[in-house]
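Visitor: Okay, handing you the structure first.
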Amino acid sequence: MRHLTRPTGVALAAVGIQALMVFAFTAPAAHSAPHKVPLVVSAPAPLRATIEQRLEHAAPGAFAVREVSDETSARAALTDRDAYGAVVVTSQGPHMLVASAASPTVAALLTEVGSHLASPDSTGSATSPDSTGSAASTGTPAEVTDVVPASTADPHGAAFTSMVLPVVMSSLIGGVLLTIKLPRLRERALGTLLFALGGGASVALIAGHALAFLPGAFLPLAAATAAPIATISLFSTATASLVGRFGFAAAGAIMMLLSNPLSAASSAPELLPTPWGRIGQDLPAGAAATLIRSTAFFHGHGGGHAEVVLGMWTAAAVLMLLAAGVRGRLRTRKGGGAHGVGAGTGDRRAAQAAIVQEAGSL
């Protein structure tokens, strides 16, 4: 029976990994619901409370409402990515503003909510118009205007969602190849930079021109894509350089089992269970989705936090690479002290070969 022990153990490990991946990717979607989605309201003072009550009745706990002075301010909140939608009430009645480019899923939710803003009350009778003669409560559904529409080539965001996972996976694979094929840490760092620049350019050409589901200028879009590619591939290389073959597994687990399912690329962070939506935005895949979306549709507005997150992960990877380099030099000096100064070159090569073997033994 001993010959069955090892295959059984490996198979059980594979089953565990598979189950973990299925759970990681399906759990956020299975528990998706709006939580404190930012929404702004511009309405005469007597109607604000009524609007908020109707929003709460239509979707309890779904919105975090903030008041603004007028429609111009409401539109600015959407274009600056401070809110996903706005309710504006004028003398002509209420209307809803959405930004489907920020999240087609949230825009669809807001469109549905708009039909409740002027619906009859719970008794079945329509609420009386306000003193200004507004039709805000006459039972007419609110008109919906898309201030920042999604791409006509990708109105539901399916192509954008499908792009995020390959970017994460290919960045991890790139980090593995760079680690195995390039023995020197400086070569790995340079290779990562070139890989990120080339990858950002190619993805921007595909998404922005060949398939045309991302608008915007080529260079900003390429830069926004290159940043997460550099972060993820450098992190993969750095973990493997520092801890060996297990570094690849650690980087893969962080990026694939944690970061990617929580990226909210297909919906919005506010639709994930609390606090996972917020955590996802502090991980590279979530930051990547936010930065690329903000660059393509919102001229960079709303991408500041994503830039900081990617910068911090990149800095951590650089520190790990430096630590790996220091360890390599210490090993070289230790070998040189034992064999004399003349043997330094051979010992350095031996130390480098040991690091390569450690990282490439996967």
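None of the figures in this text is laboratory data; all of them are computed from the coordinates on show. The structure displayed is predicted, hence computed values, not measured ones. Note that we place each Cβ from the backbone using ideal geometry, even for glycine, and neighbour counts take in every protein chain shown.
Visitor: Please give the charge dipole size of the chain, origin at the Cα centre, charges +1 on K and R Cβ atoms and -1 on D and E Cβ atoms. Round to the nearest 20 debye.
Guide: 2660
Visitor: I'd like to know which of 49, 31, 313 lies farthest towards the positive end of the charge dipole of the chain, counting +1 on Cβ of Lys and Arg and -1 on Cβ of Asp and Glu.
Guide: So the residue we want is 313.
Visitor: Using just the helices of the chain, give the 222 nm mean residue ellipticity in deg cm²/dmol: DSSP H runs with n ≥ 4 each add -39,500 (n - 2.57), and the total is spread over all residues, rounded to 500.
Guide: After summing the helix terms and dividing by residue count, I get -20000 deg cm²/dmol.
Visitor: Sticking with this structure for a sec: With a Förster radius of 45 Å, plug the Cβ-Cβ distance of residue 64 and residue 15 into 1/(1 + (r/R0)^6) and report the FRET value to the nearest 0.05.
Guide: The pair residue 64/residue 15 has a calculated efficiency of 0.60.
Visitor: Sticking with this one: Rounded to whole Hz and in sequence order, give me ³J(HN,Hα) for region 294-311 from the Karplus expression 6.51 cos²θ - 1.76 cosθ + 1.60, θ = phi - 60°, writing x for Gly and Pro.
Guide: 5, 5, 6, 10, 10, 6, x, 5, x, x, x, 4, 4, 5, 5, 4, 5, x
Visitor: Along the charge dipole of the chain, pointing to its positive end and built from +1/-1 on Cβ of Lys, Arg, Asp and Glu, which listed residue (204, 90, 8) has its Cα farthest out?
Guide: 8
Visitor: Follow-up question, since we're still on this one. Pick from 14, 204, 251 the residue whose mean-square fluctuation is largest in a GNM of the chain, springs joining Cα atoms under 10 Å.
Guide: 14
Visitor: What does the net charge come to around residue 97 if you take all other residues with beta carbon closer than 9 Å to its beta carbon, with K and R at +1 and D and E at -1?
Guide: Neighbour charge sum, excluding residue 97 itself: -1.
Visitor: To continue, here is another question. Can you pull the semi-axes for region 158-360, root of five times each eigenvalue of the Cα gyration tensor, sorted largest first, whole Å?
Guide: Three semi-axes, in Å: 36, 17, 13.
Visitor: Tell me the relative contact order for the chain as a rounded percent, counting alpha carbon contacts under 8 Å between residues six or more apart.
Guide: 16
Visitor: Say each of residue 56 and residue 31 gets a label point 7 Å from the Cα, pointing the same way as Cα to Cβ; how far apart are those two points in nm?
Guide: Between residue 56 and residue 31, the simple spin-label model gives 2.6 nm.
Visitor: Moving on to the next point. Can you give the relative contact order of region 158-360 as a percent, counting alpha carbon pairs under 8 Å and 6+ residues apart?
Guide: Here the relative contact order equals 24 percent.
Visitor: Taking a quarter of the surface of the convex hull around the Cα atoms of the chain, what do you get in nm²?
Guide: Result: a mean projected hull area of 24.6 nm².
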